[in-house]
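Data block below; observations after.
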Amino acid sequence: MSNLSELHLDALAEIFSIGAGRAALSLSEIVGDEVHISVPSVQVINVEDINATTLSLNSGRFGAVSQYFSGPFNAEAVLLFTEEQALKIVSDMMGSQMSLEELAEFEHEAMCELGNIILNACLSAMADILHFTLESSLPNYRVASADEILHRLKENSNQPYVMVLHIDLAIEKRHTTGNLVFLLSSTSLTNLVIHINQFLGSIS
Amino acid sequence: MNTLSAKRFDMEDIFNSLNLGVCVVDADSKVLLWNNWIAKHSDIKETDALNRQFENVFSESVSPAFLTALKNTLTHRLPVVLSTALHRTPLPLYNGCEANQQQTRMYQSITITPIQSQLNESCCLIQITDSSTSIKREKMLRSHSEILKKEATTDSLTDICNRRFFDAHYEMAVAEAKRQKHPLSIFMVDIDFFKSYNDYYGHIAGDNAIKQVASALKSQLSRATDIVARYGGEEFVLVMPHLPQKVAEQFAEKLRSAVFNLAMPHIKSRPFNQITISVGLCTGIPENDDNLLNKADAALYQAKLKGRNRCICLPLCETEEYLEQ
Amino acid sequence: MPVDSSIKKLLIVDDSKVSRMLIRTHILVQRPDWVIFEAVCGEDAIELADNERPDYCTMDINMPGISGTDAAERILSKYPLMKMVIFSANIQETHKNRARSFGSILVAKPVTEKSIALTLDYFTNSK
């Protein structure tokens, strides 16, 4: 099991809520409207314990934006929305009345950008607060079924831990929820805990 | 050492032949590299760009979102993408810079990546591609289908959905509710004593009243799944999935008071002396041949009989009550 | 004019323990004699404001229960002389304006020496 205490999770929750706030600020500048993002919960679980319910992957197809991060810890970060929600977000952000087929043309690019903003904001908040630097790949977007996503999470045995953040995103009046999933190796998780301990040590 | 001179090509030749914009800026966002592609599309020579701050190179302004993205990449050292979908033309770059061609601002997709110089300075690589062609295709598609679809599905007076759209939507919504076994609510709305209003205030005022009621009803909707349509004359219909009975009833009341609060005088309507609506609601999980629309219409009829300016809700399934009677 | 030498009271409102620890630590480095109270939600904050009458308050926005902005507005309408700083990572114009509208300011999270310096400056130097 993961060796994270309540206080570790609280620190992570605070870090990600700051990241979410920064992402909301960037998005509001792009859409010219109020954007609200919050991270109501952070969990760290063993990949074996992950199932469709943990990720609320109940049905349908999902849009997944992923970036690989490296530094003191390495992680694949994946932001998941249902495909339907992804299209609605894109249409809200573009602010135009387009049919779903037409939107789909932009879905790829716009979702890459949205994911990039949220992922970078969360990771940069973490890097700022825990005092380290991270590098990252460019974002990649794919649409996959819940089964495909779970399969991919589980097949990767050298990353036995997942950190799951639930994301609440509201653009104008529309509320959307998604998940941000970090796949971590044991070493990466240990390194993350070391950094959080250093940070907590500096303030307690 | 990986020197380029040892290779067969000059790196600069390659940069300058690329069919995309390549620019490198340093930590103070001063331009260190400016390839032919950008020079051509910005009409700014390399010599005029080098060593100047990126945003000051152009005579026109660079979009704030681009500058934020550049700043973020320089501070956090994480790569950033700017999509055409959300930004269109962040940089003042043009297609058709040749003489006698009309200049149009180019649609762009931009990637900003952190890189390190050989002197270990933090720099950023900016890559720009022309996405005009994909946008053009999208625009053509959109202008065609959007206009057609909008005309075909919008009521020209009120700008809400028309009867044709409602008919198609209603059928789908019922089928979906049956399949998913979730409740569906139909609200039939009618303006009270509208004929007398028209007769007394005239048709132009009548049209205006219809418009105002339509927009009051529309303003109550916030979910993408909900629609309001003009059903005919002074009659409207709303379709809303997933509402519990209680919430649906409260919503009907919200509709009624939204119109009441418009406080539009109507002296031929007693006893209210203002424009009011009656609302008939039917809500439930449709099965087999259940007809929500007929039930909502029957509820509306009852609301009229009971004195207007009110909401009546009928259950979808009344069999048990009939048995009791 | 009386010299203000009394010990000041600060109320820290944040649902995150780590965030409260951060603010407390940073503040105590600068103002070791301040008395600090902590509340984990807006409701508790309103109660503590009544009971302890703090001179200053730092308020988080996203908390379970009523939002920090609502709590701040209620507290300030009751105690208009209290100096309140709202901590948020989300510094959109609408939020700034709302904070200003009820006599408070928004300071960007994360809590750092810099943001604490801004906060202390507002507490002690604004009129």
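The values are calculated or read from the model by the stated rules, or taken from the named source; none is laboratory data. The structure displayed is predicted, hence computed values, not measured ones. All Cβ positions, even for glycine, are placed from backbone atoms using ideal geometry, and neighbour counts span all protein chains on display. Accessible surface areas use protein heavy atoms only, side chains included; no ligands, DNA or RNA. Shrake-Rupley method; radii C 1.70, N 1.55, O 1.52, S 1.80 Å.
Of the GluC sites (Glu not before Pro) found in region B:229-325, those that fall in a DSSP loop while having at most 13 other beta-carbon atoms within 10 Å are B:Glu287, B:Glu318. The packing ranking of peptides A:81-88, A:19-26, highest mean first, is A:19-26, A:81-88, where packing means the average number of other beta carbon atoms within 10 angstrom of each residue.
Averaged per residue, what accessible area in Å² does region B:154-324 show with a 1.4 Å probe, protein chains only? Heavy-atom SASA per residue in region B:154-324 reads 51 Å². Scanning residues 5 or more positions from B:Cys311 or on other chains, those with amide H under 5 Å from its amide H are B:Val279, with H placed 1.01 Å from N in the peptide plane. Phi-derived couplings, Karplus 6.51 cos²θ - 1.76 cosθ + 1.60 at θ = phi - 60°, listed residue by residue for region A:22-27: 5, 4, 4, 4, 4, 5 Hz, with x used for Gly and Pro. Compared with the dominant principal axis of the Cα atoms in chain B, helix B:203-218 is inclined by about 70°. Counting only residues at least eight positions apart within a chain, or on another chain, the lysines with an alpha carbon under 17 Å from that of C:Lys96 are C:Lys83, C:Lys109.
How big is the C-alpha Rg of region B:4-136 next to the rule-of-thumb value 2.2 N^0.38 Å, as a ratio? Please list the in-between numbers first.
On the way: Rg = 14.7 Å, N = 133, 2.2 N^0.38 = 14.1 Å.
Normalised Rg, Cα atoms only: 1.04.
Computed with a 1.4 Å probe over protein heavy atoms only, the accessible surface of chain A comes to 39 Å² per residue. Using only alpha carbons, region A:70-204 has a radius of gyration to Kirkwood radius ratio (Rg to Rh) of 1.02. Charged neighbours of B:Lys195, selected by a Cβ distance under 15 Å, balance to -2 (K, R count +1; D, E count -1).
Taking the C-alpha atoms only, the angle from helix B:245-260 to the longest principal axis of chain B is near 90 degrees.
All C-alpha pair distances within region B:154-324, sorted into 5 Å bins from zero, spread as 2, 9, 18, 22, 21, 14, 8, 5, 2, 0 percent across the bins.
Ranked by the mean number of other Cβ atoms within 10 Å of their residues, highest first, the peptides B:56-63, A:138-145 come out as A:138-145, B:56-63.
Counting every C-alpha pair in region B:168-269, the share spaced more than 19 angstrom apart comes to 46%. All Cα-Cα distances of the protein assembly as shown, cut into 10 Å bins from zero to the largest, leave 3, 13, 18, 20, 20, 15, 8, 2, 0, 0 percent in each bin in turn. Calculate how steeply helix B:163-180 sits against the longest principal axis of the alpha-carbon atoms of chain B, using the helix alpha-carbon long axis, and give the answer as 0 to 90 degrees to the nearest 10. Value to nearest ten degrees: 90. Could you work out what % of the accessible surface of chain A is carbon and sulfur, using a 1.4 angstrom probe and leaving DNA, RNA and ligands out of the count? Exposed carbon and sulfur together represent 49 percent of the surface.
The C-A contact accounts for approximately 1600 Å² of buried accessible area, totalled over both chains at a 1.4 Å probe radius.
Relative to the compact globular guide of 2.2 N^0.38 Å, what is the alpha carbon radius of gyration of chain B, as a ratio? Write down the numbers at each step before the final one.
Working: Rg = 31.0 Å, N = 325, 2.2 N^0.38 = 19.8 Å.
In units of the globular-protein estimate, chain B measures up at 1.56.
Taking every Cα-Cα distance in region C:9-125 and sorting them into 5 Å bins from zero, the calculated P(r) comes out as 2, 13, 26, 28, 22, 9, 1, 0 percent. Expressed as a whole percent, the accessible area of region B:4-136 that falls on carbon and sulfur atoms is 49 (1.4 Å probe). Inter-chain Cβ neighbour count for A:21-34, averaged per residue, equals 5 (cutoff 10 Å, partner chain atoms only). In this assembly, the B-A interface accounts for approximately 2300 Å² of buried accessible surface in total, computed with a 1.4 Å probe and without ligands, DNA or RNA. Heavy-atom accessible surface, probe 1.4 Å, ligands and DNA/RNA ignored: which residues of region B:47-85 lose at least 50 Å² versus the isolated chain? Residues losing area: B:His76, B:Leu78, B:Pro79, B:Val81, B:Ala85.
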